[in-house]
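So the structure is just underneath, and the comments pick up after that.
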Amino acid sequence: MCVKQVPGVSEVRIDPKTNTLVREGVLSIINPNDRNALELALILKEEHKVEVIALSMGPPQAEEVLREALAMGIDKAILLSDKAFAGADTLATSHTLALAIKKVLKEFDSEENYLIICGAQAVDGDTGQVPPELAEELGIPQITYVQNLLLSEDKIIVERKFRATEIVVIETKLPALISVLIDINKPRYPSMAGIMKAYEKANVIYFDSMALNADSSKIGLNGSMTEVKKIFFPERKVNPIMLEGSTEEVVRKLCQYLKDDKIF
Amino acid sequence: MSIIIDAELCTGCASCMESCIYDAIELDNNIAKVLPNCTLCRACIEACPEEAISLERDDAKAQKVDISQFKGVWVVAEHYKNKIQKVSFQLLSKGRELADILQVNLTFVILGTDFDDKLEEFSQYGMDEIIYIKSPILKDYYSDLYTKVITELVLETQPEIILIGATATGRDFAPRVAKRLRAGLTADCTGLEIDLETRNLLQTRPTYGGTIMATIRTPSSRPQMATVRAGIFKMPEKIKKNVNIRKIEYEFKEQDSVSKIVKVISKTKTPVNLEDAKIIVAGGRGVGSKENFKLIEDLANVLGAELGGSRITIELNWLDPDRQIGQTGVTVSPKLYIACGISGAIQHIVGMENSNIIVAINKDPDAPIFNFAHYGIVGNLHEIIPILIEEIKIMNLNKE
Ligand SMILES: Cc1cc2nc3c(=O)[nH]c(=O)nc-3n(C[C@H](O)[C@H](O)[C@H](O)COP(=O)(O)OP(=O)(O)OC[C@H]3O[C@@H](n4cnc5c(N)ncnc54)[C@H](O)[C@@H]3O)c2cc1C
Ligand SMILES: Nc1ncnc2c1ncn2[C@@H]1O[C@H](COP(=O)(O)O)[C@@H](O)[C@H]1O
C-alpha cells in the first residue's frame with residue numbers, strides 16, 4: 001500500500017493582511033485517505049494472513065509516516081528517497097513507485113497474487129492521478145474511489161462511488177489496484193506496544209534511484225511532463241455592498257437589489 | 001538538478017520565501033538560500049522580481065517529441081443512463097474558445113451506444129467534428145476499454161489538447177490514458193488559457209485545498225490533457241453548423257476488460273441537483289442545529305431553490321453528503337447563492353465563487369465570506385431569515 005506524507009492542510013491558511021501563507025504549527029501528517037488505506041490493509045492482514053508492506057516516496061522526513069504505519073501494525077516499510085526523485089509530477093511518481101513494487105514482487109515467489117491499496121487522493125496536490133497511473137504501469141486493473149471491499153481467494157468485489165447517489169459494484173481478479181475513500185473504514189490508533197516496536201526495533205528500508213535501477217529520464221523533474229508555471233493566491237473580490245439598518249430595512253434593501261439585478 | 005540563486009542579483013527581498021509553500025527558502029546574510037526540503041516546484045523562479053533564481057537541469061531530459069505534429073482540441077464526453085452529462089457540454093464551450101485561438105478543429109469524442117439519433121442534436125453545440133465510437137458494452141463505463149479506445153484514437157489523430165470532466169469517471173481513465181501516452185495531465189482545472197506563442201495550454205487549478213492556485217503547463221509533450229471541474233464554464237449557445245460525423249463500430253475482445261460490473265446501487269430519495277440549480281440557499285455551522293435547518297429549507301422553498309451546505313453541516317449530519325458544496329463536494333454556479341452562517345473557508349469558496357450573485361448573512365463582520373459576497377448582511381440569521389421569508393412570500397403573491 002502507498003502512503004504519502006503531506007502538510008496538515010487544514011492548518012495551511014492565508015494571512016489576509018499580508019496575503020501570504022501562515023505556516024506556523026503546520027505539521028506533516030499521513031495523507032488522511034492513506035490512513036484508511038492502511039486500515040484496510042491491516043484488516044486484510046488479520047482476515048487473510050497476508051503480508052502488508054507500506055511504500056512511500058519522499059524526503060527522509062517521510063520516514064515518520066512509515067514509522068506511524070509500522071506502529072499501526074504493518075509488516076514492512078519502504079521509503080523511496082533520493083534527490084533525483086525530487087520535482088516529480090504524478091507521471092514520474094507513479095513510475096518510481098512502480099519500480100519499487102516490481103522490485104519487491106521479484107523478491108516474493110508469487111508475482112501474481114497481490115493487491116495495491118492507495119488513498120483516493122492526497123490533500124496537498126489533490127490529483128488522485130497516481131493510483132490509475134501506477135496501475136497502468138504495472139499492467140493491472142484499477143478501481144478508484146472505493147468505499148467497500150470483499151477479498152476472496154484471487155478476486156475482489158468492491159463498491160465504487162461514482163456519483164453522489166450511485167455506487168457501482170465491480171468484480172475483478174488479482175492482481176489489482178484500488179484507491180479508497182475516507183468512508184471505507186475508521187482508522188485505528190497505534191497501540192503503545194506498536195509504537196515502541198516501530199521506533200525501537202523495526203527498520204525502514206531505503207531505496208534510492210540506484211537501488212531501483214531507475215532511468216534518470218523517467219524520474220523526478222526529468223520524468224515529469226507537467227511544469228508549475230506559477231503559484232498564486234486566489235484573487236479576492238472586494239467591496240461587497242454591506243446592507244445596514246434594522247432587520248426589516250436590511251431585508252427590504254436586499255430584495256430591492258435582487259430585483260434590480262433581475263433575480264426576482 | 002537544483003534551484004540556483006544568483007547571489008549577485010539577489011536583493012534579499014524575500015519574495016521567493018513568500019512564494020514557497022514548502023518553507024524551503026531562508027535568508028542567509030540577506031541572500032536567499034535553498035534548503036534540502038525543496039521539491040523543485042519552481043514557484044520561486046516566477047516570484048523573483050530580479051530574475052535571480054533559475055533551475056539547473058541535467059541533460060537527461062526525456063526525448064523530445066515533435067509537438068508541431070499535434071493539432072486540434074478534443075472533449076471526451078461523459079454519459080450516464082444514455083444522457084451526456086452537463087460538464088461535457090460546458091467543456092465544449094471552453095473547447096470552442098481554445099480551438100478558435102489555436103485555429104484548429106474542435107472534436108467531441110463519444111464512447112457509447114444508442115447515441116445514433118442524438119448526434120444531430122449534439123451537433124448544435126459548436127464542435128467541428130464528432131467521433132462516435134460505438135459498441136454495446138460502452139453503455140457503461142469501463143476504465144480499461146476507455147483507455148484502450150482513447151489511446152488508439154489519440155495515436156491516430158494526434159490532438160494537442162484533450163479536455164475531460166473532473167468527475168469520478170474522468171479522473172479514473174484520464175490518468176491511465178496519460179500514462180500510456182506519456183502525456184502530461186493536470187487534474188481538476190478551474191481555468192484554461194492558451195499561450196499562443198508556444199501553443200501551450202495554461203491550466204490553473206486549486207491545490208492545498210484551494211488555499212493556493214497553481215498554473216501548470218506541459219511544454220515539451222503532447223497531447224496536453226486536463227480534467228476540468230463541472231460548473232466552471234457556461235453551457236454553449238446552440239448554433240447551426242456543419243459537423244463532420246465519424247462513426248466507428250468498435251469490436252472488443254473478451255480479454256479487453258478484466259473487470260466486470262456486478263450491479264449498480266442507487267441510494268436516491270429525491271435527486272439533489274445543485275449543479276443545475278438557478279438559486280441555492282446554503283447553510284453552515286452558524287445555522288446551529290439540524291432542527292434549525294428547517295428555517296434554511298423554508299427559505300429555499302419560497303425561492304424555489306436547492307438546499308446546500310458547508311462541509312461541517314455534513315459532518316454533523318445536519319445535511320446529506322450530496323448537498324456539500326466546495327472542494328470536496330460539488331462546484332456550483334447558480335444565478336443567486338445565499339450563504340447563511342458560513343464563514344467562507346477557501347475550500348467552500350472554490351465551490352461557489354462562480355455564482356452570479358452571492359449574498360452572505362453572517363453575524364461576524366470579519367467573516368471571510370464577505371470578501372466574496374456581492375451583498376453582505378451582518379446579523380443573526382435566525383432573526384433575518386424569517387423576515388426575509390415573509391418579504392419573499394409577499395413578493396411572490398404580488399407576482400401572481
Ligand atoms: C481538504 C479539505 C477539504 C475541504 N472541503 C470542503 C468542502 O468541499 N466544502 C466545505 O464547505 N468545506 C470544506 N472544508 C472545510 C472548510 O475548511 C471549513 O472548515 C468549512 O467550510 C467551514 O464551514 P462553516 O463555514 O459552515 O463553519 P464555520 O467556519 O464554523 O463558520 C460558521 C459561521 O457562522 C457564523 N454564525 C454563527 N452563528 C450565526 C448566526 N446565528 N447568524 C449568522 N451567522 C452565524 C459565524 O460567524 C461563522 O462565520 C474542507 C477542508 C479541508 C481540510
Ligand atoms: N509520493 C508518494 N508516495 C507514496 N504514495 C503516493 C505518493 N504520491 C501519491 N501516492 C499515493 O497515491 C494516492 C493519491 O495521490 P495523488 O495522486 O497525489 O492525489 C495517495 O493517497 C497515495 O496512496
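What to note about this one:
- Residue selected from region A:104-149 under the condition more than 16 Å from ligand 1 (Cβ to nearest atom) and of a type in the set (D, E), by the criterion nearest to A:A54 (Cα to Cα): A:E107
- Taken across region B:118-125, residues that are under 26 Å from B:V330 (Cα atoms) and in the same structural domain as B:T227 (by TED's automatic domain parsing) do occur, with at least one present.
- Residues (at the interface with chain B (Cβ under 8 Å from one of its Cβ atoms) and within 16 Å of ligand 2 (Cβ to nearest atom)) located in region A:141-153: A:Q142, A:I143, A:T144, A:Y145
- Residue match in region A:127-139 (condition: surrounded by fewer than 19 Cβ atoms within 10 Å (Cβ to Cβ) and more than 11 Å from ligand 2 (Cβ to nearest atom)): yes
- Residue in region A:71-85 that is farthest from the other protein chains (Cβ to nearest Cβ), counting only those that are among the aliphatic types (A, V, I, L, M) and within 11 Å of ligand 2 (Cβ to nearest atom): A:I78
- Checking B:E237 against (1) closer than 17 Å to B:E97 by Cα; (2) facing chain A (nearest Cβ under 9 Å), the condition it does not meet: (2)
- Number of positions in region A:120-134 that are outside any loop (DSSP other than H, G, I, E, B) and at the interface with chain B (Cβ under 7 Å from one of its Cβ atoms): 2
- Residue within region A:169-189 that is at the interface with chain B (Cβ under 7 Å from one of its Cβ atoms) and either among the aliphatic types (A, V, I, L, M) or not in a strand (DSSP E or B) (or both) present: yes
- From A:G245, A:G220, residue being on the phi > 0 side of the Ramachandran plot, in a loop (DSSP other than H, G, I, E, B) and either without any contact (Cβ under 8 Å) to a residue 24 or more places away in the chain or basic (K, R) (or both): A:G245
- Test: residue in region B:335-344 that is over 15 Å from B:L388 (Cβ atoms) and buried (at least 21 other Cβ atoms within 10 Å of the Cβ): yes
- B:R205 vs. criteria within 16 Å of ligand 2 (Cβ to nearest atom), in a strand (DSSP E or B) and crowded, with 23+ Cβ neighbours inside 10 Å: yes
- Inter-residue pairs, beta-carbon under 9 Å, first away from ligand 2 (no atom under 12 Å from the Cβ) and in region A:46-70, second aromatic (F, W, Y), 6+ apart: A:V50/A:Y114; A:E51/A:F108; A:P60/A:Y206; A:E63/A:Y206; A:R67/A:Y199; A:L70/A:Y199
- Scanning region B:327-342 for residues that are within 12 Å of chain A (Cβ to nearest Cβ) and away from ligand 2 (no atom under 16 Å from the Cβ) gives B:G329, B:V330, B:P334, B:K335, B:L336, B:Y337, B:I338, B:A339.
- Only one of the listed residues (A:K173, A:K201, A:K237) is at pLDDT below 95 and touching a strand residue (DSSP E or B) at 6+ places or on another chain (Cβ under 7 Å). That residue is A:K173.
- Test set (1) within 12 Å of chain A (Cβ to nearest Cβ); (2) aliphatic (A, V, I, L, M); (3) within 10 Å of ligand 1 (Cβ to nearest atom); (4) in contact (Cβ under 8 Å) with a residue 24 or more places away in the chain - B:L299 fails condition number: (3)
- Cross-chain or 6+ apart pairs with Cβ under 9 Å, region B:329-350 first and under 23 Å from A:R163 (Cα atoms) and free of Cβ contacts under 8 Å to residues at least 40 places away in the same chain, then surrounded by fewer than 23 Cβ atoms within 10 Å (Cβ to Cβ) and of a type in the set (V, I, T): B:G329/B:I314
- Complete set of residues in region B:107-127 that are touching a residue at least 60 places away in the same chain (Cβ under 8 Å) and at positive phi: B:G126
- Residue in region B:361-381 that is surrounded by 16 or more Cβ atoms within 10 Å (Cβ to Cβ), at pLDDT below 95, hydroxyl-bearing (S, T, Y) and under 31 Å from the mean Cα position of the chain (by Cα) present: no
- When A:I182 is tested against (1) free of Cβ contacts under 8 Å to residues at least 60 places away in the same chain; (2) closer than 30 Å to B:P334 by Cβ, exactly one condition is not met: (1).
- Of all residues making up region A:72-112, the number that are closer than 24 Å to B:C41 by Cα and assigned to a strand (DSSP E or B): 2
- Any chance B:I357 is modelled with pLDDT of 90 or more and among the aliphatic types (A, V, I, L, M): yes
- Odd one out for A:I219, checked against (1) at the interface with another protein chain (Cβ under 7 Å from one of its Cβ atoms); (2) closer than 21 Å to B:I3 by Cβ; (3) of a type outside the set (D, E): (1)
- When A:E47, A:E137 are checked against the criterion of being more than 14 Å from chain B (Cβ to nearest Cβ) and over 16 Å from the mean Cα position of the chain (by Cα), a single residue qualifies: A:E47.
- All positions within region B:147-190 that are away from chain A (no Cβ under 11 Å) and free of Cβ contacts under 8 Å to residues at least 40 places away in the same chain: B:E152, B:L155, B:E156
The values are calculated or read from the model by the stated rules, or taken from the named source; none is laboratory data. Everything quoted here is computed from the prediction, not taken from an experiment. Note that we place each Cβ from the backbone using ideal geometry, even for glycine, and neighbour counts take in every protein chain shown.
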